[in-house]
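Quick one: the structure is below, questions incoming.
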Amino acid sequence: MATCDRQSPAPCSRSPNSRLPDPTSTSASIDVLLHPTAATPAQAIRSRGSYSCGRCGLPKKGHICPDGGGPVSAPRIRIRRRRALSFDVDPVSREMVEKAGVVEILNGFEKAAEGATVLPVSCMVEVLRRLSPKELMRAAAVCRRWRGCVRRVWRSAEELRLRVLSRSQMGFVGSLLHRCAGLSRLTLRMESDVDATMLACVAYSLPNLEAFEMNMAENAMNRISGYELCRFVAMKGFLSSLKFEGCSNVGSLNITSSSLTTLWLSDLYCVSKVALKCPNLTELSLDFCQQENDTTDLVTMMECLGCTCPLLRNVHIASIRLCDKSVFALTSANLRSLRMLSLVLGSRITDDAVTSIASCYTNLELLDLSGSSISDNGLRMIRNVLPNTLSRLLLSLCPNITCNELQFAVTQLPLLQLIDCGMSIRDTSCQYANSGETMCFPINGNGHKIRHLELSPTKSQKNYQKLIIQHDSLKKLSLWGCSGVDALYLNCPELNDLNLNLCTNLHPEKLLLQCPNLKDVHASGCQDMLIGAIRNQVANEFAALKTLLPCKRLADGTKRVLALHSAHQKKPNPTVHH
């Protein structure tokens, strides 16, 4: 190892003007102390050779320069490209971007990889905004720039619809909601059991939440109690809409909120106390379980609505415990702003309750008394009191009304646009009681359904009726399950939707449709000849013939009609299609 003698320094062949390394320089002083021989001027000015070609900038090893005959150019500065810009192995595939609707985004990034102008962040955010949450998380793993764009998408999101699988953990949901601190509308589809932990996660992650909806899968259970639900509403000062399913463990309700305007609770069971102190509430929907041992006091609940919720406009209550007393309590509440009233499954609601409704609420636009025991007298009071406001009338599963009074009611209600009389005009030879086969029937008014109804056929005398309807404003007519109608004559120029499902006794020669704007005809479970009669009458005046039975298109390819079954082909059982 070379050493340096301080007493007799070795002569050096350097010019007088050459300088030694600056002792104040850190790198130079370290170099001198560790490697004294490196301090000589001849060695200080020498540098390591370049591994790149001086002409083209490519590596020298095994390289034949194409510009070998030309002059030597200055070394070109190589920009090291980021690995994330290699789109051959891009985790976010071209299919994801095509789903976003902007295929040109890949071309833009390929140009960016070559050194061209990079796509603006605002455009990138607009593309990523159209992806699902799962695809957004995949896009965040591409590179730092994409991760920043995804973070901006999460922060600017206003609405999120999320399906929580059974294998998902609460920590994952919490981390996802924490990214969307500015979220105002949240919809959760729960496929696993849920408890108050989910409510706490939503409450602390989303301080500005305005609308919250939770839907339960078939096998999932909602374990949230009434106290926990009321505490959640009290914590969210901006919450205006709350829709919950599977509220069988609520027990009691004592909700107090000045911002809540919409409240939907379904599958309620044995609620001991219902106290709603929501002065700005405008829409209320309470769907109770259809069990005979339900002990909910509906009368007391109805009486309190007038004092605690004076601004109610839409009220929907589905319970087999509905009776005349509960309707009297609702009318005594004197809800002056009430416009839509739906009292479903109240088999003990009679014409007396209709009289009370007609005398108190004269501005109703929707009236749903499906499943009640009203007769022609109640229908007569409806058409006499509400001729100037009523636009939707739903009377399905009301076996005491007849075709004669129904067609008179339609004539005297000029603003009527929708009428549902499903399973009301039935063949008495195939009458249904409350036992036997379980079926599911739709209630087409405000989106609610009669979830389960057990039916069993009983033998009686046949009694068929004829229905004649002539109306200038009627748009939807539902006669599903009206097996007691054997003749139908319609003259409705604005009618566009006709439901004839399970009209098994309707004769093709007694059908007359004068509806030029008819688009959809539902004819599941009808006779093959009736399908042919509908096809011949409407011809090119409707867009599609919807049915659950096998169907085929006409020769011109425009219409779908029922395909005739062969002798060896078994017809499926009639089902309700909506």
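The values are calculated or read from the model by the stated rules, or taken from the named source; none is laboratory data. Just so you know, these numbers come straight off a predicted model, no measurement behind them. As a convention, Cβ positions derive from the backbone with ideal geometry for all residues, glycine included, and neighbour counts pool all protein chains shown. All accessible areas refer to the heavy atoms of the entire protein, side chains included, with ligands and DNA or RNA removed. Shrake-Rupley method; radii C 1.70, N 1.55, O 1.52, S 1.80 Å.
For the stretch 307-400, give the magnitude of the charge dipole about the Cα centre (Cβ charges: +1 Lys/Arg, -1 Asp/Glu; no others), in debye to the nearest 20. Display every interim value, and only then the final one.
Working: 9 positive and 6 negative charges, 42 e Å.
Here the size comes out at about 200 debye.
Grab the Cα-Cα distance for residue 291 and residue 65, subtract it from 0.36 nm times how many residues apart they are, and report the gain in nm with one decimal.
In short, 72.5 nm is gained.
Give me the dipole magnitude in Debye, nearest 20, for the stretch 312-367 about the Cα centre, with unit charges on the beta carbon: positive for Lys and Arg, negative for Asp and Glu.
Dipole of the stretch 312-367, to the nearest 20 debye: 200 debye.
Beyond a 29 Å Cα-Cα separation, which of these cross-linked pairs lie in this structure: 236/476; 243/273; 134/476?
In this structure, 236/476; 134/476 lie more than 29 Å apart at Cα.
In a solvent-free Debye calculation with one equal scatterer on each Cα, what is log10 I(q)/I(0) for the stretch 291-417 at q = 0.18 Å⁻¹, listed in the order of the q values?
The Debye formula, applied to the Cα set alone, gives -0.93.
Considering amide H positions built from the backbone, and no H for Pro or chain starts, which residues 5 or more places from residue 526, or on another chain, come under 5 Å of its amide H?
502
Select from 225, 256, 201 the residue farthest towards the positive end of the dipole of the stretch 186-295; place +1 on Cβ of Lys and Arg, -1 on Cβ of Asp and Glu, and compute about the Cα centre.
Positive-most Cα among the choices belongs to 256.
In square angstrom, what is the accessible area per residue of the stretch 146-299 with a 1.4 angstrom probe? Walk me through the intermediate numbers first.
On the way: 7120 Å² over 154 residues.
Roughly 46 Å² per residue, with all protein chains present.
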